[in-house]
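Everything below concerns the one structure shown next.
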Amino acid sequence: MSGWRPDASLLPPQRPANASMEQLLQYVPKGGTAWLAFGNSGVTEMLLNWAHHVIQRGYSRQMVIAAFDETLLLSLHERRLPAYNYTGALPITHFRHAPHLFHRMGYLKADCIRLVLETGRDVLVSDSDVVWVGDPLPLLTELMQEGATVGASTDCLDLDS
């Protein structure tokens with residue numbers, strides 16, 4: 001995926017590196033769903049794969065990737081992918097071994113979700129390793145019509161757990 005470039009005609013206009021969440025979500029109607037993923041340069045390949053599949057689902061103008069480091073931010077901008085600038089909030093190095101930094105990342109993810117919600121949009125949050133092979137919005141819309149306000153999932157693949 002490192003050489004992959006999305007079809008620019010499918011993407012929203014390029015925004016500056018310091019664009020607000022409101023600017024990045026300009027093409028998502030109020031009450032619509034923004035597709036959101038997070039990461040640093042260590043997961044660039046997975047995030048490009050995520051973006052590729054979101055674009056294939058027809059949601060290229062509704063997606064944003066929050067970039068935790070400048071290397072990822074530049075990579076996303078080179079491809080004209082919508083990127084929220086979270087650079088400087090975490091160290092560039094791999095930090096899963098440091099619980100306080102992993103917790104900081106969790107806080108930053110929650111803060112970014114808050115920023116989306118404050119724009120009046122719903123948000124579909126994905127880990128960087130998610131591959132969307134189908135459109136989840138019809139099911140999510142049905143669940144919201146039945147009264148759901150929050151949905152959750154897990155990476156747990158053991159149904160007996």
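The values are calculated or read from the model by the stated rules, or taken from the named source; none is laboratory data. The structure presented is a predicted model; accordingly, all values stated were derived computationally and were not measured. Counting neighbours? That spans all protein chains shown, and the Cβs are built from the backbone with ideal geometry, glycine included. For the accessible areas, the whole protein counts, side chains as well, though only heavy atoms, and no ligand, DNA or RNA atoms are used. Shrake-Rupley method; radii C 1.70, N 1.55, O 1.52, S 1.80 Å.
For region 133-157, which residues satisfy the criterion of being modelled with pLDDT of 90 or more and either in contact with a Lys or Arg (Cβ under 7 Å, 6 or more places away or on another chain) or among the small types (Gly, Ala, Ser) (or both)?
Residues satisfying the conditions are Gly134, Asp135.
May I ask you to say which residue of Gly106, Gly120 is in contact (Cβ under 8 Å) with a residue 60 or more places away in the chain and among the small types (Gly, Ala, Ser)?
Details: Gly106 fails: in contact (Cβ under 8 Å) with a residue 60 or more places away in the chain.
Selected residue: Gly120, the only one of Gly106, Gly120 that is in contact (Cβ under 8 Å) with a residue 60 or more places away in the chain and among the small types (Gly, Ala, Ser).
Just to be sure before I move on: is Ala83 open to solvent by less than 40 Å² (accessible area, probe 1.4 Å), touching a helix residue (DSSP H, G or I) at 6+ places or on another chain (Cβ under 9 Å) and not aromatic (Phe, Trp, Tyr) in the structure I sent?
It is true that Ala83 is open to solvent by less than 40 Å² (accessible area, probe 1.4 Å), touching a helix residue (DSSP H, G or I) at 6+ places or on another chain (Cβ under 9 Å) and not aromatic (Phe, Trp, Tyr).
Could you give every pair whose Cβ atoms fall below 6 Å, whose first residue belongs to region 54-80 and is at positive phi, and whose second residue is modelled with pLDDT under 95 and surrounded by fewer than 18 Cβ atoms within 10 Å (Cβ to Cβ), counting only separations of at least 6 or pairs across chains?
From region 54-80, the pairs are Arg80/Ala8; Arg80/Gln14.
Does Asp160 satisfy the criteria of being acidic (Asp, Glu), modelled with pLDDT under 95, assigned to a loop (DSSP other than H, G, I, E, B) and over 17 Å from the mean Cα position of the chain (by Cα)?
Numbers: acidic (Asp, Glu): yes; modelled with pLDDT under 95: yes; assigned to a loop (DSSP other than H, G, I, E, B): yes; over 17 Å from the mean Cα position of the chain (by Cα): yes.
So Asp160 fits the description; yes.
Going residue by residue through region 100-111, is there one that turns out to be open to solvent by less than 40 Å² (accessible area, probe 1.4 Å) and in a loop (DSSP other than H, G, I, E, B)?
No, every residue in region 100-111 fails to be open to solvent by less than 40 Å² (accessible area, probe 1.4 Å) and in a loop (DSSP other than H, G, I, E, B).
For region 85-136, what are the residues that are in contact with a Gly (Cβ under 7 Å, 6 or more places away or on another chain) and at positive phi?
Gly120
Right, Phe38: of a type in the set (Phe, Trp, Tyr), crowded, with 18+ Cβ neighbours inside 10 Å, under 12 Å from the mean Cα position of the chain (by Cα) and more than 14 Å from Leu124 (Cα to Cα) or not?
no
Hey, can you tell me all the residues within region 112-128 that are open to solvent by 30 Å² or more (accessible area, probe 1.4 Å) and in a strand (DSSP E or B)?
Listed by number, the residues that qualify are Asp122, Val123, Val125.
Return the total of residues in region 43-60 being surrounded by 18 or more Cβ atoms within 10 Å (Cβ to Cβ) and either under 20 Å from Asp122 (Cα atoms) or among the small types (Gly, Ala, Ser) (or both).
6
Can you name the number of the only condition in (1) modelled with pLDDT of 95 or more; (2) open to solvent by less than 30 Å² (accessible area, probe 1.4 Å) that Glu22 fails?
(2)
For residues that are of a type in the set (Gly, Ala, Ser) and open to solvent by 10 Å² or more (accessible area, probe 1.4 Å), tally how many sit in region 61-78. Before the answer, list the steps.
First, pick out the residues of region 61-78 that are of a type in the set (Gly, Ala, Ser): 66-67, 75.
Keeping just the survivors that are open to solvent by 10 Å² or more (accessible area, probe 1.4 Å) gives 75.
Qualifying residue count for the region: 1.
From the residues in region 1-19 that are open to solvent by 70 Å² or more (accessible area, probe 1.4 Å) and touching a Leu at 6+ places or on another chain (Cβ under 8 Å), which one is farthest from Thr87 (Cα to Cα)?
Among residues in region 1-19 that are open to solvent by 70 Å² or more (accessible area, probe 1.4 Å) and touching a Leu at 6+ places or on another chain (Cβ under 8 Å), the one farthest from Thr87 (Cα to Cα) is Met1.
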